[in-house]
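In what follows, a structure is listed as structure tokens, so that the remarks can point back to it.
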Amino acid sequence: MLPQDPYILLSVVNTKLRDDCPCLDDFCAREGVDAADLADKLAAIGYRYSPEQGRFVPC
């Protein structure tokens, strides 16, 4: 289960993207989460997914 706090979620997601998954779709499939929901949660704190960087970055 992923953390509910958005800042801790950001850290966990970016770490897993860096270490374990080549892209957001793979991460979401492994974790069983919806990519749009995850993106919405992190957008609420000013972050968006950058496919070029393979992580969530500030907007």
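Miscellaneous remarks
- Within region 40-59, the set of residues being without any contact (Cβ under 8 Å) to a residue 24 or more places away in the chain and either polar (S, T, N, Q) or closer than 14 Å to Pro3 by Cα (or both) comprises Ser50, Gln53.
- Among the residues of this structure, Arg55 counts as one that is touching a helix residue (DSSP H, G or I) at 6+ places or on another chain (Cβ under 8 Å) and open to solvent by 40 Å² or more (accessible area, probe 1.4 Å).
- The sole residue among Arg18, Arg30 that is part of a helix (DSSP H, G or I), open to solvent by 30 Å² or more (accessible area, probe 1.4 Å) and in contact with a Cys (Cβ under 8 Å, 6 or more places away or on another chain) is Arg30.
- Qualifying positions in region 4-29 - more than 19 Å from Pro58 (Cβ to Cβ) and without any contact (Cβ under 8 Å) to a residue 12 or more places away in the chain: Gln4, Asp19, Asp20, Cys21, Asp25, Asp26, Cys28, Ala29
- Scan of region 17-33 for residues that are within 21 Å of Gln4 (Cβ to Cβ), modelled with pLDDT of 95 or more and touching a helix residue (DSSP H, G or I) at 6+ places or on another chain (Cβ under 7 Å), ordered by number: Leu17, Leu24, Phe27, Cys28
The values are calculated or read from the model by the stated rules, or taken from the named source; none is laboratory data. Everything numeric here is computed off the predicted structure, so don't read it as measured data. Heads up, the Cβs are rebuilt from the backbone with ideal geometry, glycines too, and the neighbour counts pull from every protein chain shown. All accessible areas refer to the heavy atoms of the entire protein, side chains included, with ligands and DNA or RNA removed. Shrake-Rupley method; radii C 1.70, N 1.55, O 1.52, S 1.80 Å.
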